[in-house]
Amino acid sequence: MSTVLAHLSDTHFDGGDRASFRARQAMDHLNSLPGHLDAIIVTGDITDHGLPSETEEAEKVLASPTVPVYMCPGNHDGYTPYDGPLNRAFDIGGIRLLMADSVLQGRDEGLLAPETLQWLRTELSAAAGPVLIGLHHPPADLHQPFIDNIKLSNSDELAAIVTAHPQVLAVLCGHAHMAAATTFAGRPLLVAPGVTSTVLLPWEKDGGVPIDKGMPVMIAFHVIDDGGHITTHFRAFPTD
Ligand SMILES: [Fe+2]
Ligand SMILES: [Fe+2]
């Protein structure tokens, strides 16, 4: 039996109607599907400024009566008091999902802290079955300089861990606000589109901030079959 995950990222709840409307579009779609989803994952930048009111709204909107929603923090989700990384493991059927905290407090680029790297090693040593790793920051260049400048800075350390553990099926991330797929340490690296906006590519925009707020809301679906193969589909929703 296959496992189906919906993957959202970068909802950036900011108290305004626009961010809320776009996130609701995605969640309304997921909550009205006639078929079964195993989990919904949200790879960070859930809020825009980490304010309690933004978090409260996000918790209301990013919810499902039937499907568990698993999140990791992004660079916009400041949380105080900071008492260490928020690393959490979840079981989705036979798949272990490791949602790692890649936030470097006060910075846009990412870093997996030594305790997070150790948590990943410990979890992977104990995992007999397939594992998915989720984190906010892409650990590889996506050929968008604006994003490549603020990717995960210690991706070599993550690559060494992934290489040592063949049961890692894929790495799932956000932060880039673009639907993208590449490989990382020989595994698929699947980048969720941004719910709130899309970052344009160098050949799509001539100078300036490459953020497009008019493009459709997008999400990804990941299907994992019994052989451990992962297939990703992207969905876009009209904005009006
Ligand atoms: Fe973001
Ligand atoms: Fe981000």
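Computed values, structure above
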{"quantity": "Which numbered condition LYS60 misses (of (1) out of contact with any Phe, Trp or Tyr (no Cβ under 6 Å at 6 or more places or on another chain); (2) touching a residue at least 12 places away in the same chain (Cβ under 8 Å))", "calculated": "(2)"}
{"quantity": "Total residues in segment 158-168, condition in a helix (DSSP H, G or I), touching a residue at least 40 places away in the same chain (Cβ under 8 Å) and surrounded by 17 or more Cβ atoms within 10 Å (Cβ to Cβ)", "calculated": "2"}
{"quantity": "Selection within segment 196-235 - of a type in the set (Asp, Glu) and within 23 Å of HIS12 (Cα to Cα)", "calculated": "ASP212"}
{"quantity": "All positions within segment 27-57 that are among the aliphatic types (A, V, I, L, M) and either within 14 Å of ligand 2 (Cβ to nearest atom) or free of Cβ contacts under 8 Å to residues at least 24 places away in the same chain (or both)", "calculated": "LEU33, VAL42, ILE46"}
{"quantity": "Filtered residues of segment 106-123 (kept if within 16 Å of ligand 1 (Cβ to nearest atom) and either assigned to a loop (DSSP other than H, G, I, E, B) or among the charged types (D, E, K, R) (or both))", "calculated": "GLY106, ARG107, ASP108, GLU109"}
{"quantity": "Condition met for PRO130 (modelled with pLDDT of 95 or more, within 15 Å of ligand 1 (Cβ to nearest atom), within 25 Å of ALA6 (Cα to Cα) and buried (at least 19 other Cβ atoms within 10 Å of the Cβ))", "calculated": "no"}
{"quantity": "Test for ALA89: is it of a type outside the set (Lys, Arg), within 23 Å of HIS137 (Cβ to Cβ) and part of a helix (DSSP H, G or I)", "calculated": "no"}
{"quantity": "All strands (runs of 3 or more DSSP E) inside segment 1-79 with 3 or more residues being within 16 Å of ligand 1 (Cβ to nearest atom)", "calculated": "39-43"}
{"quantity": "Residue within segment 83-92 that is among the hydrophobic types (A, V, I, L, M, F, W, C), under 16 Å from ILE133 (Cα atoms), in contact (Cβ under 8 Å) with a residue 40 or more places away in the chain and buried (at least 23 other Cβ atoms within 10 Å of the Cβ) present", "calculated": "no"}
{"quantity": "Count - residues of segment 100-124 that are over 17 Å from the mean Cα position of the chain (by Cα) and either free of Cβ contacts under 8 Å to residues at least 12 places away in the same chain or open to solvent by 60 Å² or more (accessible area, probe 1.4 Å) (or both)", "calculated": "8"}
{"quantity": "Residue in segment 197-205 that is hydrophobic (A, V, I, L, M, F, W, C), away from ligand 1 (no atom under 16 Å from the Cβ) and within 28 Å of VAL4 (Cβ to Cβ) present", "calculated": "no"}
{"quantity": "Close pairs from segment 1-24: first open to solvent by less than 30 Å² (accessible area, probe 1.4 Å), partner within 16 Å of ligand 2 (Cβ to nearest atom) and aromatic (Phe, Trp, Tyr), Cβ under 6 Å, at least 6 apart", "calculated": "ALA19/PHE13"}
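The values are calculated or read from the model by the stated rules, or taken from the named source; none is laboratory data. Everything numeric in this text was worked out from a predicted model, so none of it was measured. Cβ coordinates were reconstructed from backbone atoms using ideal geometry, including for glycine residues, and neighbour counts include every protein chain displayed. Protein only, heavy atoms only, side chains kept; ligands, DNA and RNA dropped before computing areas. Shrake-Rupley method; radii C 1.70, N 1.55, O 1.52, S 1.80 Å.
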